[in-house]
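These notes are about the structure you will find just below.
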Amino acid sequence: MQNINIEQFLASEFDGFRVEVDASRERGDIILQRPPLNVIAMPQRDVLRQVFEALDAHPAVRVIVLRAEGEHFSSGGDIKGFLEASPEHVSKLAWNVAAPVRCEKPVIAANKGYCFGVGFELSLACDFRIAASSTLYALPEQNLGQIPGSGGSARLQKIIGNTRTKHMVMRAKRIGADQALDWGIATESVPDAELVQATDALVDELRRYSPLAQRTAKKLINDNEDAPLAVAIEMEGHCYSRLRSSNDFREGVEAFHGKRKAVFCGN
């Protein structure tokens with residue numbers, strides 16, 4: 001996409017959500033807005049993927065935020081949509097929901113209220129999850145005679161292990177924000193009234209770092225998730241070595257010794 005096409009696309013009217021780009025704060029927000037529960041329709045998932053890709057390519061965006069209007073983040077998907085969707089469409093669900101993982105830029109999910117089903121799966125695909133006190137996380141597909149189909153159980157298993165994943169998936173159990181923080185699902189747990197402030201603070205914090213170092217760290221961590229320790233250490237060393245020749249690393253070192261704030265350019 002060329003810049004003008006990206007901007008035109010992001011300015012479109014979307015079904016079930018809207019997009020806001022604030023160039024002055026270097027952030028792009030995807031805001032779920034299908035009241036009262038922000039149900040995510042089947043066709044919406046493919047469009048969300050396209051929006052994540054567009055924001056990742058947007059030159060004015062450093063950080064992407066996924067949030068929601070109203071009391072709840074999302075109660076999950078449109079149940080009827082599963083019965084009506086073609087097998088080909090269903091086969092693409094996990095790819096669409098994994099769009100935040102593929103973004104080179106950091107992606108934050110700001111959760112509150114119900115964060116169920118695909119809403120939870122989308123959040124798990126993000127790099128950071130800030131959970132308001134009201135947040136309830138769940139993968140309730142067992143109640144429908146089904147299992148999570150967009151990476152939910154797989155990602156959860158990597159984060160919390162077999163026993164806790166079976167508790168949440170096989171028993172369709174809900175867990176709150178504090179338990180999610182304790183289990184390593186949530187990055188932060190904050191009062192509902194502080195969710196916006198906490199999200200803004202994390203955006204501003206991430207913007208302070210080198211875009212190149214951020215991209216490298218995200219890809220390295222994602223790629224090394226299943227790698228043996230020796231391979232992971234080897235890959236880390238290669239990435240470290242490449243960054244040593246970057247302008248951002250030079251700027252960081254010079255700023256440190258000059259006792260000033262570093263100004264990173266992303267190369």
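Counting the residues of the range 203-230 that are more than 16 Å from I64 (Cα to Cα), crowded, with 16+ Cβ neighbours inside 10 Å and of a type in the set (V, I, T) gives 1. Taken together, D78, D56, D29, D15 contain a single residue that is assigned by TED's automatic domain parsing to the domain that holds A172 and surrounded by fewer than 15 Cβ atoms within 10 Å (Cβ to Cβ), which is D15.
Checking each residue in the range 215-229 for being within 20 Å of D56 (Cβ to Cβ) and either assigned by TED's automatic domain parsing to the domain that holds R62 or among the hydrophobic types (A, V, I, L, M, F, W, C) (or both) picks out A217, L220, I221. Evaluating A23 against the criteria (1) surrounded by fewer than 16 Cβ atoms within 10 Å (Cβ to Cβ); (2) under 16 Å from the mean Cα position of the chain (by Cα) leaves one unmet condition, (2). R129 satisfies every condition listed in (1) among the basic types (K, R); (2) touching a helix residue (DSSP H, G or I) at 6+ places or on another chain (Cβ under 6 Å); (3) surrounded by fewer than 16 Cβ atoms within 10 Å (Cβ to Cβ) except (3). Counting only helices (runs of 4 or more DSSP H) that sit completely within the range 209-263, those holding 2 or more residues that are aromatic (F, W, Y) correspond to 247-257.
Output the number of residues of the range 122-150 satisfying the condition of being closer than 22 Å to E53 by Cβ and either at pLDDT 95 or above or assigned to a helix (DSSP H, G or I) (or both).
Within the range 122-150, the first condition is being closer than 22 Å to E53 by Cβ, and the residues that meet it are 122-129, 149-150.
The next check asks that each one be either at pLDDT 95 or above or assigned to a helix (DSSP H, G or I) (or both); those that pass are 122-129.
Final tally of qualifying residues: 8.
The residues on offer are E88, E104, E53, and the sole one that is modelled with pLDDT under 95, more than 21 Å from A138 (Cβ to Cβ) and among the acidic types (D, E) is E88.
The values are calculated or read from the model by the stated rules, or taken from the named source; none is laboratory data. Worth saying up front: this structure is predicted, and the values here are computed from it rather than measured. Glycine also receives a Cβ, built like all others from the backbone with ideal geometry; neighbour counts cover every protein chain displayed.
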